[in-house]
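Chemist: Handing you this structure, nothing more for now.
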Amino acid sequence: MRVLLTGHLGYLGTVMSPILQAAGHDVIGLDTGLYAASVLGPVPVDPPALPIDLRDVTAADLQGFDAVVHLAALSNDPLGALDPELTYAINHRASVALAEAAKEAGVGRFLYASTCSVYGAAGDGLVGEEAPLAPVTPYAESKVWAERDILAMTDSDFAPTALRNATAFGFSPRLRADIVLNNLVGHALLGGEILVLSDGTPWRPLVHAADIADSFAAVLAAPVDNVAGRALNVGDERNNVRVSEIAEEVARAVPGAGVRITGEAGADPRSYRVDFSALREALPGFACRRSVADGARELVAAYREFGLDRAGFENTFVRLRTLQARQDTGELTEDLRPAQP
Ligand SMILES: NC(=O)c1ccc[n+]([C@@H]2O[C@H](COP(=O)([O-])OP(=O)(O)OC[C@H]3O[C@@H](n4cnc5c(N)ncnc54)[C@H](O)[C@@H]3O)[C@@H](O)[C@H]2O)c1
C-alpha cells in the first residue's frame with residue numbers, strides 16, 4: 001500500500017517507518033519535525049515526506065494514498081496542559097479535518113493513534129473498548145473527541161480504526177524520556193535511584209513501541225470488516241502493571257539502583273487496567289510480544305551505548321522542554337509553527 005504516515009519524525013513514527021516499509025508498504029511521511037533533531041545514537045534514515053503542517057492538509061495532498069496512519073499530535077498530558085486550546089486545534093480539529101480530506105481523496109483506510117488514557121480514572125477492574133470514557137486531561141479529551149468524530153465517518157469506502165495504545169516504552173532513536181519506563185531507567189542509570197513521584201499504586205498498561213508498530217502493520221493487513229469503524233486497545237494484559245512494579249523491574253535491570261517512592265505528586269487519578277482481547281480477535285495470530293523486563297534491559301543497553309547524559313535526559317528528550325526551548329530561541333511560534341526567517 002501507499003501509506004501516508006503523519007508524525008513520522010516522532011518517537012513512535014521513527015520506529016514505525018521501517019516496520020511498515022519491511023511489511024512492503026511505500027511510506028511517505030508528514031511532520032513539521034518539532035523534535036526531529038532530538039536523536040540519541042545514529043541519525044535514522046527517514047522516509048521521503050510532505051513538508052506540510054497537519055493543520056494545512058487538503059484532499060489534494062492525499063490523492064493516490066491507500067491508507068493514512070495518523071500519529072502526529074501534541075503527544076502527552078503536560079503538553080496538553082501547556083495550551084489546551086492548541087491541543088484541541090491539533091489533536092482534535094486538525095485530526096478530524098485530515099480524516100475528512102482522506103475520505104474525500106478516496107483513501108480507503110485511516111488508522112488513528114488514540115490512547116488508553118481515554119479511560120482516565122477507571123479503578124481496578126479490566127476496561128474493554130465499551131467501557132465509559134473518563135478523560136482527565138485536555139490531551140485525553142482531544143483523543144476522545146477525535147476518535148468519536150473520525151469513527152463516525154465509517155462507510156463502505158472509508159474504514160477508520162482508532163488504536164488505543166497503552167503507554168509506550170522502549171528505545172527509539174527519537175527517544176522520549178518523559179514516558180514512565182524510559183524515564184525510570186534514566187533515573188536509575190544517571191542518579192542511581194529510581195524515583196517515583198506518585199505513591200506507586202496506579203495501574204498503567206504498557207506496550208513496547210515496536211509492538212505498537214507491529215499492530216498498526218497488522219491492522220493495515222487485516223480484512224477490512226475486522227477493523228472498520230472500531231476502537232481497539234493496543235497492548236497485552238501481561239503488561240498491565242502498577243507504577244511500583246515498573247520501578248522494581250528497572251531495579252532488576254540496573255544493579256545497585258534503589259527504588260524511592262516519594263508520593264510527593266499526590267494522588268494520581270490516571271489508573272486503569274486494560275482488556276486487550278478485542279485486538280487479538282480482530283487480528284488473528286497477532287500478539288504484543290515484548291515485556292516490561294525486555295524493555296528495561298533494552299533501554300539500559302541503549303542509554304549506555306549511546307551515552308545518554310543529564311542534559312539529554314532532562315531537556316532534549318522531554319517533549320515539553322524541547323518545545324519551550326525552541327519557542328524561547330524564536331525557532332517556533334506560539335502556535336508551534338516554524339518561525340519565518
Ligand atoms: N508514546 C506513547 O506512549 C503514546 C501512547 C498512546 C498514544 N500515543 C499517540 O501516538 C502518537 C505518536 O506519539 P509519539 O510518542 O511518537 O509522540 P511524539 O511527540 O514523539 O511525536 C509526535 C510527532 O507529531 C509531530 N507533530 C505535532 N504537531 C504537528 C503538526 N501540527 N503538524 C505536523 N506534525 C506535527 C511532531 O513533530 C512529532 O514528530 C500521538 O498521537 C500520541 O498521542 C502515544
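The values are calculated or read from the model by the stated rules, or taken from the named source; none is laboratory data. Not measured: the values here are computed from a predicted model. Using ideal geometry, Cβ is built from the backbone for each residue, glycine included, and neighbour counts are taken over all protein chains shown. What goes into the accessible areas is simple: the full protein's heavy atoms, side chains included, and nothing from ligands, DNA or RNA. Shrake-Rupley method; radii C 1.70, N 1.55, O 1.52, S 1.80 Å.
Chemist: How many angstrom lie between the Cα centre of region 49-77 and the Cα centre of region 316-339?
Modeler: Taking the Cα centre of each part, region 49-77 and region 316-339 sit 20 Å apart.
Chemist: Let me ask something additional. Over all distinct alpha-carbon pairs, what is the Kirkwood Rh of region 262-341 in angstrom?
Modeler: Working: mean 1/r = 0.0576 Å⁻¹.
This gives a value of 17.4 Å.
Chemist: Give me the mean projected area, in nm² to one decimal, of the convex hull enclosing the Cα positions of region 80-138.
Modeler: 5.1 nm²
Chemist: Dipole size in debye (nearest 20) for the chain around its Cα centre, Lys and Arg Cβ +1, Asp and Glu Cβ -1?
Modeler: Dipole size: approximately 580 debye.
Chemist: What order, most packed first, do the peptides 328-335, 174-181, 132-139 have when packing is the mean number of other Cβ atoms within 10 Å of each residue?
Modeler: In decreasing order of mean packing, 328-335, 174-181, 132-139 become 174-181, 132-139, 328-335.
Chemist: In the P(r) worked out for region 1-91, what percent of Cα pairs fall beyond 18 Å?
Modeler: The share of Cα pairs beyond 18 Å in region 1-91 comes to 46 percent.
Chemist: OK, next. Could you give me D for region 133-289, from Stokes-Einstein at 25 °C and 0.890 mPa s, where the hydrodynamic radius is the Kirkwood radius over C-alpha pairs? Units µm² s⁻¹, please.
Modeler: Estimated diffusion coefficient is 143 µm²/s.
Chemist: I'd like to check one number: the per residue accessible area of region 115-209, probe 1.4 Å, reported in Å² as a whole number. Kindly include the intermediate steps, with their values, before the conclusion.
Modeler: Values: 2970 Å² over 95 residues.
Each residue of region 115-209 exposes 31 Å² on average to a 1.4 Å probe.
Chemist: In whole Å, largest first, what are the principal axis extents of the Cα atoms in region 1-52?
Modeler: Taking max minus min along each principal axis of the Cα atoms, region 1-52 gives 29, 24, 15 Å.
Chemist: Counting each pair of different Cα atoms once, what's the Kirkwood radius of region 95-171 in Å, rounded to one decimal?
Modeler: Values: mean 1/r = 0.0743 Å⁻¹.
Radius from the Kirkwood sum: 13.5 Å.
Chemist: I would also like to ask the following. For region 1-94, report the accessible area per residue in Å² (1.4 Å probe, heavy atoms, rounded to an integer).
Modeler: 37 Å²
Chemist: If you don't mind, there's one more thing I want to ask. Per the 1.4 Å probe, what fraction of the accessible area of the chain, in percent, lies on carbon and sulfur atoms?
Modeler: Working: 7000 of 13460 Å².
Carbon plus sulfur share of accessible area: 52 percent.
Chemist: Moving on. Highest first, please rank the peptides 30-37, 59-66 by the mean number of other Cβ atoms sitting within 10 Å of their residues.
Modeler: My ranking of the peptides, most packed first, is 30-37, 59-66.
Chemist: Also: Could you give the size of the charge dipole of region 242-341 about its Cα centre, using +1 on the Cβ of each K and R and -1 on the Cβ of each D and E, expressed in debye and rounded to the nearest 20?
Modeler: Working: 15 positive and 16 negative charges, 51 e Å.
Dipole about the Cα centre, nearest 20: 240 debye.
Chemist: Heavy-atom accessible area per residue, region 216-341, 1.4 Å probe: how many Å²? If you can, show how the numbers build up before the last one.
Modeler: Details: 6390 Å² over 126 residues.
The answer is 51 Å² per residue.
Chemist: Want the number for Ala293 to Arg238: 0.36 nm per residue separation, take away the alpha-carbon distance, what's left?
Modeler: 18.7 nm
Chemist: When ranked by the protection proxy of mean other Cβ atoms within 10 Å per residue, highest first, what sequence do the peptides 198-208, 109-119, 256-266 form?
Modeler: Per-residue mean Cβ counts within 10 Å order the peptides as 109-119, 198-208, 256-266.
Chemist: A further question follows. Given R₀ = 45 Å, what would the calculated FRET efficiency be for Asp328 paired with Ala131, taking r from the Cβ atoms and rounding to 0.05?
Modeler: Once rounded, the FRET efficiency stands at 0.65.
Chemist: While we're on this one: Given that compact globular proteins tend to follow 2.2 N^0.38 Å, what is the ratio of the alpha-carbon Rg of the chain to that value?
Modeler: 0.94
Chemist: Mind putting together the pair-distance distribution for region 34-172? All Cα pairs, 10 Å bins, whole percent per bin, short to long.
Modeler: Over region 34-172, the share of Cα pairs per 10 Å bin runs 11, 38, 35, 15, 1 percent.
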